[in-house]
Structure formats: structure tokens, C-alpha cells
Amino acid sequence: MSFLMQTFSVDWDNFNFLFRGTVLLCNRWHSIAHIHEAFQKTIGHSQVRHHLYHCAVQCHLCHHCCTKYTTDDKSEHIHFYDYGPKDIATVFFYMLIAIILHAVIQEYVLDKINRRLHLSKTKHSKFNESGQLAFFYLFSFTWGASILTAEEFMMNPTSLWKNYPHSRMRFQVKFFYICQIAYWLHALPELYFQKIRKEDVPRQLCYICLYIAHISGAYILNLQHLGLILMVPHYLVELIFHASRLFYFSDENKQKGFTIWALLFVMARLLTLTLSVLTFGFGLARVENPDFSVAAGNFNVLTVRYNKD
């Protein structure tokens with residue numbers, strides 16, 4: 001246990017607080033009022049409040065979860081980050097945040113709309129799924145698009161493979177991936193908390209695991225630029241689909257959104273295929289480094305490229 005605490009740089013009090021917070025959320029999931037009341041009582045203790053603040057600041061800034069590099073460009077200092085095993089603690093923290101936000105959206109938004117629409121049990125489950133994902137896709141698309149605009153990845157396609165490995169990330173890029181992984185990991189216990197129908201579990205479990213595998217793969221293999229460019233249009237397409245679903249459940253005559261989604265879906269898949277072939281088949285292949293090295297972050301070998309593609 002002491003080895004783990006040293007590895008993740010989280011003292012026992014912080015770890016114990018997060019653990020008790022997870023148990024609390026699991027036990028009191030079906031009543032958001034109980035969660036609020038319990039957290040108010042817990043945060044009232046000065047020592048626990050201090051640990052919460054300390055852990056939240058550390059996890060939010062990500063300074064304890066990476067190595068920091070500084071580039072001096074005249075008077076401007078730019079900080080870069082990489083990934084490491086300590087990211088697990090940060091992902092765990094934001095997974096708890098995602099669980100809380102999920103409960104708030106469900107309790108104060110989706111449940112109120114459901115009571116007005118009087119949906120059947122089948123539609124009720126699908127409405128909740130689309131409602132949660134629509135919020136997430138809207139937020140992620142907006143955030144991802146702002147990062148692409150700021151970083152100008154789209155203006156220079158060669159940046160997808162030039163100077164690989166891209167082991168150094170801006171804070172926004174690293175934080176974006178941390179939040180993405182945390183969200184999709186939180187979706188796994190939600191299958192139990194939300195009492196998803198047994199026939200729907202395999203489908204949801206499949207796409208959740210695919211998201212976790214692909215996003216984590218892009219993050220770990222230092223393909224953050226490519227992953228970000230592929231995620232943004234994909235999230236836009238998924239946002240349109242789930243928004244169309246929500247409108248359909250409110251009025252079955254509203255089906256035009258599905259036509260727009262079908263067209264954009266084909267375009268997004270063509271973009272994904274084109275960029276993947278361009279990056280793995282041509283770009284990275286030309287700058288292949290036969291010295292496979294986890295420490296240096298170099299995964300640009302034929303076997304890895306083939307499997308990732």
C-alpha cells in the first residue's frame with residue numbers, strides 16, 4: 001500500500017476521502033438529496049475540507065501527474081506535459097466528478113422532462129441514454145473544437161506525424177484526454193447504477209469499451225493530435241444523432257435530424273479513413289524508427305501502426 005501511495009503521490013487521507021466518497025455515491029445514488037446532505041456534513045469538517053481542496057487543486061492542475069517542460073520563446077514561457085502512471089489518480093478523481101454531474105443532469109433535467117412526456121419504459125431508458133450523451137458530446141465537441149482552433153492542427157496536416165513521438169502536450173490537450181477517459185470509465189458503473197435493461201447492456205458495454213480503448217490508445221501511443229482531430233467531427237455527428245433521438249421521443253414526426261445525421265456520418269467516416277491511411281500508411285511509415293521504446297514514447301513500428309490502424 002505504501003508503494004502505491006508513493007507511486008500516485010496521494011497521501012492516505014486524500015485516498016481515504018476519495019474512497020469514502022465513491023462508496024457514498026454508490027450507496028446513495030438513487031437520491032441526489034441524500035448526496036447533497038451527506039457532502040454538506042462531510043465538508044463541514046475542517047480537516048476533510050482541507051484534504052478535498054488539496055486533492056482537487058492537485059488533480060485539476062495536473063502538475064503532480066506529469067513531467068513539466070518549459071520552452072523559452074523570448075519572454076513567453078510555455079509549459080508542456082507528458083503522461084505517466086500518476087495519471088491514474090487524476091482519472092479516478094474526475095471519474096467521481098463525472099458520476100456527480102451525471103446524477104445532477106439526471107435528477108434536475110432528464111427526469112423532469114420524462115415526467116412531462118410520459119414515455120414508456122423502453123423509450124425512457126433510451127431517452128436517458130441520449131440525454132446524457134447529448135450533454136457530453138456538446139461539451140466535448142465545443143471544447144475539442146476550441147483546442148483545434150488554438151493549436152492549429154488542421155492547418156498543418158503534417159503535424160500528425162512530423163517530429164513523432166509527440167510526447168509533450170499542452171495543458172488543454174492533456175486535460176481533455178484525462179476528462180475523456182474519466183467520462184467513459186464512469187459509464188461502466190453507470191450501467192449498474194441506472195439499472196439498464198439486460199438486453200441493452202451488451203450494446204452499451206461494447207461502445208463504451210471501444211471509446212476507452214481508442215482514446216486511451218491515442219493518448220498512450222502519443223497520437224494525441226490525430227485522436228483529437230478524429231474525435232471532434234465524430235462527436236459532432238453523435239451529437240446530431242442523439243439530439244435527433246430526443247426530438248423524436250418528444251414528437252415522432254420530427255425525423256429530419258436523422259437524415260442530416262446519415263449524411264454527416266458518411267462524411268465523418270470518410271474523413272476518419274482518409275486521415276488514418278494518410279497518417280499510418282504514409283506519414284509515420286516514412287519516419288519509422290525501428291528502436292521501439294516505451295521510455296522514449298516511440299511506438300512508430302510496423303506492428304503497432306498496423307494494429308492501431
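The values are calculated or read from the model by the stated rules, or taken from the named source; none is laboratory data. Owing to the predicted nature of the structure, the values given are computational and were not obtained by experimental measurement. Because the Cβ atoms are built from the backbone with ideal geometry, glycine has one as well, and the counts that use them run over all protein chains shown. What goes into the accessible areas is simple: the full protein's heavy atoms, side chains included, and nothing from ligands, DNA or RNA. Shrake-Rupley method; radii C 1.70, N 1.55, O 1.52, S 1.80 Å.
Looking at segment 122-135, is at least one residue at pLDDT 90 or above, open to solvent by 40 Å² or more (accessible area, probe 1.4 Å), among the aromatic types (Phe, Trp, Tyr) and under 19 Å from residue 177 (Cα atoms)?
Yes, there is a match, as at least one residue in segment 122-135 is at pLDDT 90 or above, open to solvent by 40 Å² or more (accessible area, probe 1.4 Å), among the aromatic types (Phe, Trp, Tyr) and under 19 Å from residue 177 (Cα atoms).
Looking at segment 114-136, which of its residues are closer than 22 Å to residue 100 by Cβ and either in contact (Cβ under 8 Å) with a residue 24 or more places away in the chain or touching a strand residue (DSSP E or B) at 6+ places or on another chain (Cβ under 7 Å) (or both)?
125, 127, 128, 129, 130, 131, 132, 133, 134, 135, 136, listed by residue number.
Tell me whether segment 63-77 contains one or more residues that are within 19 Å of residue 173 (Cβ to Cβ), under 15 Å from the mean Cα position of the chain (by Cα), surrounded by 13 or more Cβ atoms within 10 Å (Cβ to Cβ) and modelled with pLDDT under 50.
Scanning segment 63-77 turns up no residue that is within 19 Å of residue 173 (Cβ to Cβ), under 15 Å from the mean Cα position of the chain (by Cα), surrounded by 13 or more Cβ atoms within 10 Å (Cβ to Cβ) and modelled with pLDDT under 50.
Restricting to segment 79-114, name every residue that is open to solvent by less than 70 Å² (accessible area, probe 1.4 Å) and assigned to a strand (DSSP E or B).
Within segment 79-114, 80, 81 meet the criteria.
Condition (residue is surrounded by fewer than 19 Cβ atoms within 10 Å (Cβ to Cβ) and in contact (Cβ under 8 Å) with a residue 40 or more places away in the chain) applied to segment 254-270: is it met by at least one residue?
The answer is no, given that none of the residues of segment 254-270 is surrounded by fewer than 19 Cβ atoms within 10 Å (Cβ to Cβ) and in contact (Cβ under 8 Å) with a residue 40 or more places away in the chain.
Does residue 174 fit the bill of being under 28 Å from residue 87 (Cβ atoms), part of a loop (DSSP other than H, G, I, E, B) and not hydrophobic (A, V, I, L, M, F, W, C)? Don't jump to the end; show me each part of the working.
Numbers: under 28 Å from residue 87 (Cβ atoms): yes; part of a loop (DSSP other than H, G, I, E, B): no; not hydrophobic (A, V, I, L, M, F, W, C): yes.
Here the answer is no, as residue 174 does not meet what is asked.
Considering only residues of segment 195-210 that are surrounded by 15 or more Cβ atoms within 10 Å (Cβ to Cβ) and β-branched (Val, Ile, Thr), which is nearest to residue 271 (Cα to Cα)?
It comes out as 208.
Mind listing just one residue for me: the one in segment 211-241 that is in a loop (DSSP other than H, G, I, E, B) and in contact with a helix residue (DSSP H, G or I) (Cβ under 8 Å, 6 or more places away or on another chain) and, of those, most open to solvent (accessible area, probe 1.4 Å)?
Per the criteria, the residue is 221.
Can we say residue 208 is over 22 Å from residue 151 (Cα atoms) and in contact with a helix residue (DSSP H, G or I) (Cβ under 6 Å, 6 or more places away or on another chain)?
Yes; evaluated as a whole, the condition is true for this residue.
Please enumerate the residues belonging to segment 184-193 that are of a type outside the set (D, E, K, R) and buried (at least 18 other Cβ atoms within 10 Å of the Cβ).
184, 185, 186, 187
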